[in-house]
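So the structure is just underneath, and the comments pick up after that.
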Amino acid sequence: VKMRKIVFAGSAKFYKEVLEMKKELENNDYNVMDYPKNINVNIEDEYKQAYERFYESLSKTDDLILFNLDKNGIEGYIGYESFAELSNLVVKKIQEDNNHKIYIYKMPSKEVGCYDEIKHFLKLGYIELFK
C-alpha cells in the first residue's frame, strides 16, 4: 500500500493544532508534505518562496485537508487564500478525473465569504467533511 501524501491548508494561526494533527496522520501512514507556517508577510521574498513552495506541494499531493477552525469569532473560518488553494485542487480533480480526497475540517458558518461555494462543492462530491 502506497503511503498517501497530504497537504494542510488554512490559517497559520492554527499552527499548533496542525502539528498535533500532522503527528496523528503520520502515525496512520500519511506523508504530510506541507502545512501552514508562520512567515513574515512583510518580507516579500520569504512570503513569495513560501507561497510557491506551498503550490508546488499542492501539485504533488494526493489529498488536502482545509483545516478551518473558528477564527475572529467566525465558525469554520475559510480565508480567500485557503479557498483559492482548495479550488485549485477541485479544478485539478475535475480536469484529471483523479482520486484526490479534498476535505474541509468543519462546515463553515454562513458568515464565511465562500459558504455557498463550499455547500455546492460538498453537494457535487468534489469535497467532503473530514471525519
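The values are calculated or read from the model by the stated rules, or taken from the named source; none is laboratory data. Since the model is a prediction, treat every value here as computed from it, not as a measurement. Methodologically, a virtual Cβ is constructed for each residue, glycine included, from the backbone with ideal geometry; neighbour enumeration extends over all protein chains shown. All accessible areas refer to the heavy atoms of the entire protein, side chains included, with ligands and DNA or RNA removed. Shrake-Rupley method; radii C 1.70, N 1.55, O 1.52, S 1.80 Å.
Quick notes on this structure:
- Annotation for the range 1-36: trypsin sites (Lys or Arg not before Pro) lying in DSSP loop with at most 12 further Cβ atoms inside 10 Å of their Cβ are LYS2.
- Relative contact order of the range 6-131, taken over Cα pairs closer than 8 Å and 6 or more residues apart, is 25 percent.
- Packing around the peptides 60-72, 107-119, 36-48, 89-101, taken as the average count of other Cβ atoms within 10 Å per residue, puts them in this order, highest first: 60-72, 107-119, 89-101, 36-48.
- Long-range HN-HN contacts of LYS5 with modeled amide H, under 5 Å: ASN31, ASP62, ASP63
- With an a/c value of 1.5 or above and a/b not larger than b/c for the gyration tensor axes a ≥ b ≥ c computed over the alpha-carbon atoms, the range 33-85 is described as oblate.
- Within-9-Å neighbourhood charge of TYR103 [Cβ basis; K, R +1; D, E -1]: 0
- Considering helices alone, the calculated mean residue ellipticity of the chain at 222 nm is -14000 deg cm²/dmol, with DSSP H runs of length four and up weighted by -39500 (n - 2.57) and normalised per residue.
- Separation in nanometres of the label points that stand 7 Å from Cα toward Cβ, at ALA12 and VAL91: 2.4 nm
- Solvent-accessible area of GLU20 with every protein chain in place, 1.4 Å probe, in Å² to the nearest 10: 130 Å²
- When VAL18, VAL1 are compared by accessible area at a 1.4 angstrom probe, the order from most to least is VAL1, VAL18.
- Global form of the chain, assessed from the alpha-carbon gyration tensor, a/c cut-off 1.5: rounded
- Sulfur and carbon atoms: percent of accessible area, the chain [1.4 Å]: 48 percent
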